[in-house]
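Trainee: One structure follows; several queries about it will come next.
The values are calculated or read from the model by the stated rules, or taken from the named source; none is laboratory data. A quick note: this is a predicted structure, and the numbers were derived from the prediction, not measured. Don't worry about glycine lacking a Cβ; one is built from the backbone with ideal geometry, like all the others, and counts go over all protein chains shown.
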Amino acid sequence: MTGATLYGLCAAVLVGLGLFGLIVHPQPLRMILAFNLIGSGVFVLFGAVALRGAAAGFGGDPVPQALVITGIVVAFAATALAVALLLRLFR
Amino acid sequence: MAFDTGLAVVVLGVAVWTIAARKTVAAVAGFVAFGLLLALVWVRLAAPDVALTEAAIGSGVTGGLLLGAATRLRRIEPSAAGETLGIGLKLAAAVLCILVATGIAAIVLLLPEPAPTLAPQVAKNLDRTGLGNPVTAVLMAYRAIDTLLEVVVLLLALVGIWSLAPDRAWGGFPGARHHADSDGLLAFVAQLLVPIGILVGIHIFWVGSTAPGGEFQGATILAAMWIFAVMAGLLDTPAVNRRWLRLLLVIGPAVFLAIGLAGFAVAGGFLAYPEAYAKVMILTIEVPVTLSIAATLALLVAGPPERPPNG
Amino acid sequence: MADFMFAATGLVVAMVALGLVRLLRGPAAADRIMAAQLLGTGGTAALLLLADAMRAPGAVDVALILALLAAFVSVAFVNALDRSELDRK
Amino acid sequence: MSLVLDGLSILAVCAGALFFLAGTVGLLRFPDPLSRLHALAKADNLGLGLVVLGLLFQAAGLPAALKLIGVWLLTLLAGATVTQLIARTVRPTEPQA
């Protein structure tokens, strides 16, 4: 098994775990946390795909890596908005 | 390989705990640990740029944001909880999630050989951008429109947060006023670390054109240092109706858009750079964009205005 | 030499992961922050070792950020506790 | 020469890892928060310090070496002050002497 496959499988489990937390947790903040776990899983999956695409002297395919950076920042913006909504809801 | 397996197991263990922990604060602490371990994973995945982003945003700033939220929600948490699922539904959810995970795992195992890659195209055109870091080149040249839209998305999220302000605090100061602690210890830590942090942030931004780093990572560190100074009571958050603040927030996207439109005139397309000036133009975009992102991220963490602008 | 560095990284990560048990058990909030602090330092050390093992100098910058933001998170943690204590009074 | 440097590296990194081990064991086994804090400080300062020392023997050049030292100094500064902050949150729960 290669490193890319290993971390890809790890990503699959992360998505499953996050989805489970999102469904079963009653507290909203825990659901936001679980949603972030799903996001991280998806990003790692991208990273594994990027690692498989290593070529031309690069350690990994830079295109998916750049997309993941964009994704992490957008996920943060979404989390901040969700947290603000949550705090407003229960003030 | 043994190292990778061990790391993956630890990452999954911390993830399980983040889901299973009884106390929310403990779960958030687990999430911060998770982000830190993920940074190690990104280094192993040969993506140091992503590792920097994950360490700065995923672990650092998100951790600060969620810790603050967990503390504020602690008192009302029991009432804030929705209904708890019965054991049958939980089992059904578990089965569903295992199916989803198995599906993704199957896709991972059945990925095409040889792997499709855009790396050779990036390598072939890297010289034309004048940049040495392929990831920055993708972000600022080949997929510049994604980056432009992302900066706009950040601004929209901030508008969404501001729109949650109560009427009396409209245009006012976000968050509670932090006062310097009595023995000045926190203020001392902040005075010591904030200047160093600002230097590190500028360093990470600056090396981004040739080495791992770049505007998002640098901006996140700058934002974290600003939040640090606010927490320690050295600064207050600015009222959000201040003209300079609004200007700071839009200057990045505005310059980005202006240079993008100028691309029609000088290079025949939106966000096209004339070859000789590509690096200069990319830097011209990056500096204001970094400032705007830093301000936006910091204000995203600060939350909606809570105190009226004049009092 | 790389193998040794990988082994050392693995050991430090394992230690840090063990320290997480303290984060889980508490009992005082201070104990949780301590575990977080150990995690930050251990993570920094692991990244430095990994940078050497993989000949990836970029990872040193990651360690630098981690050292900085670990302090930031610890302070946010302490700050959150201070405030909740004030609420109780 | 490089064999000697490698040996020194291995020695220092092993010692550093040992301090991380000691710090973790202390954090898990010591009975009260203040002694746990004491154990933590060892891992923070000496553990990372020895690891950095070990890596210095392998450093590619002066800038790389200075950066490693910078990381260590930053952790020292942050660790020392944050430890103070943690100790302050412990103090009120201790019986007044």
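Trainee: Name, by its number, the condition in (1) in contact with a Ser or Thr (Cβ under 8 Å, 6 or more places away or on another chain); (2) buried (at least 21 other Cβ atoms within 10 Å of the Cβ) that does not hold for B:Leu283.
Mentor: The one condition B:Leu283 does not meet is (2).
Trainee: Could you grab me the full set of residues in region D:52-86 that are in contact (Cβ under 8 Å) with a residue 12 or more places away in the chain and at the interface with chain C (Cβ under 8 Å from one of its Cβ atoms)?
Mentor: If the condition is that a residue be in contact (Cβ under 8 Å) with a residue 12 or more places away in the chain and at the interface with chain C (Cβ under 8 Å from one of its Cβ atoms), then D:Val52, D:Leu55, D:Gln58, D:Leu68, D:Val71, D:Thr75, D:Gly79, D:Thr83, D:Ile86 are the ones that fit.
Trainee: Does B:Gly233 count as small (Gly, Ala, Ser), loosely packed, with under 15 Cβ neighbours inside 10 Å, assigned to a loop (DSSP other than H, G, I, E, B) and assigned by TED's automatic domain parsing to the domain that holds B:Thr147? Before the answer, list the steps.
Mentor: Details: small (Gly, Ala, Ser): yes; loosely packed, with under 15 Cβ neighbours inside 10 Å: no; assigned to a loop (DSSP other than H, G, I, E, B): yes; assigned by TED's automatic domain parsing to the domain that holds B:Thr147: yes.
So B:Gly233 fails the test.
Trainee: Now, a different point. Inspect all residues belonging to region B:170-177 and state whether any of them is closer than 24 Å to A:Ala75 by Cα and within 14 Å of chain A (Cβ to nearest Cβ).
Mentor: For region B:170-177, residues closer than 24 Å to A:Ala75 by Cα and within 14 Å of chain A (Cβ to nearest Cβ): present.
Trainee: Taking the condition assigned to a loop (DSSP other than H, G, I, E, B), surrounded by 15 or more Cβ atoms within 10 Å (Cβ to Cβ), hydrophobic (A, V, I, L, M, F, W, C) and touching a Gly at 6+ places or on another chain (Cβ under 7 Å), does B:Ala101 pass?
Mentor: In short, no.
Trainee: Something else: Read through the list (1) touching a residue at least 40 places away in the same chain (Cβ under 8 Å); (2) under 30 Å from B:Ala47 (Cβ atoms); (3) more than 14 Å from chain C (Cβ to nearest Cβ), then give the number of the only condition that B:Val194 fails.
Mentor: (3)
Trainee: Could you please give the count of residues in region B:203-233 that are among the hydrophobic types (A, V, I, L, M, F, W, C) and free of Cβ contacts under 8 Å to residues at least 60 places away in the same chain?
Mentor: The qualifying residues number 7.
Trainee: Residues that are farther than 30 Å from B:Ala187 by Cα, at least 3 per element: which helices (runs of 4 or more DSSP H) completely within chain D meet that?
Mentor: So the answer is D:2-29, D:48-56, D:62-90.
Trainee: Name every residue in region A:16-35 that is in a helix (DSSP H, G or I), within 7 Å of chain B (Cβ to nearest Cβ) and not basic (Lys, Arg), in order of residue number.
Mentor: Residues satisfying the conditions are A:Gly16, A:Leu17, A:Leu19, A:Phe20, A:Gly21, A:Ile23, A:Val24, A:Pro28, A:Leu29, A:Leu33, A:Ala34.
Trainee: In region C:4-34, what count of residues is obtained for those that are basic (Lys, Arg) and without any contact (Cβ under 8 Å) to a residue 24 or more places away in the chain?
Mentor: 2
Trainee: Residue by residue through region B:15-38, note down the ones that are facing another protein chain (nearest Cβ under 7 Å) and closer than 15 Å to A:Gly39 by Cβ.
Mentor: B:Ala15, B:Thr18, B:Ile19, B:Phe31, B:Leu38
Trainee: Here's something else I'd like to know. Inspect all residues belonging to region B:146-153 and state whether any of them is in contact with a Leu (Cβ under 9 Å, 6 or more places away or on another chain), surrounded by 14 or more Cβ atoms within 10 Å (Cβ to Cβ), of a type in the set (S, T, N, Q) and at the interface with chain A (Cβ under 9 Å from one of its Cβ atoms).
Mentor: Checked region B:146-153: at least one residue is in contact with a Leu (Cβ under 9 Å, 6 or more places away or on another chain), surrounded by 14 or more Cβ atoms within 10 Å (Cβ to Cβ), of a type in the set (S, T, N, Q) and at the interface with chain A (Cβ under 9 Å from one of its Cβ atoms).
Trainee: Where residues in region C:41-67 are in a helix (DSSP H, G or I) and more than 7 Å from every other protein chain (Cβ to nearest Cβ), which of them is nearest to D:Ile69 (Cα to Cα)?
Mentor: Top of the filtered list is C:Ala51.
Trainee: Return the residues of region B:1-15 that are in contact with a Gly (Cβ under 9 Å, 6 or more places away or on another chain) and either at pLDDT 90 or above or of a type in the set (Asp, Glu) (or both); say none if nothing qualifies.
Mentor: If the condition is that a residue be in contact with a Gly (Cβ under 9 Å, 6 or more places away or on another chain) and either at pLDDT 90 or above or of a type in the set (Asp, Glu) (or both), then B:Asp4, B:Ala15 are the ones that fit.
Trainee: State yes or no: is A:Val42 among the β-branched types (Val, Ile, Thr) and crowded, with 19+ Cβ neighbours inside 10 Å?
Mentor: no
Trainee: Please identify the pairs in which a residue from region B:92-118 that is under 17 Å from A:Tyr7 (Cα atoms) has its Cβ atom under 9 Å from the Cβ atom of a residue that is surrounded by fewer than 12 Cβ atoms within 10 Å (Cβ to Cβ), counting only partners at least 6 apart or on another chain.
Mentor: Partner pairs satisfying both residue conditions: none exist.
Trainee: Next question, about the same structure. For a quick check of your reading of the model, give me the residue pairs whose first member lies in region B:264-280 and is more than 15 Å from B:Tyr142 (Cβ to Cβ), whose second is surrounded by 13 or more Cβ atoms within 10 Å (Cβ to Cβ) and of a type in the set (Phe, Trp, Tyr), with beta-carbon atoms closer than 7 Å and at least 6 apart or on different chains.
Mentor: As it stands, the answer is B:Phe264/B:Phe270, since those pairs meet every condition given.
Trainee: Filter region C:10-24 down to residues that are more than 7 Å from chain D (Cβ to nearest Cβ) and touching a Phe, Trp or Tyr at 6+ places or on another chain (Cβ under 8 Å), then give me how many there are.
Mentor: Summing the residues that are more than 7 Å from chain D (Cβ to nearest Cβ) and touching a Phe, Trp or Tyr at 6+ places or on another chain (Cβ under 8 Å) in region C:10-24 gives 4.
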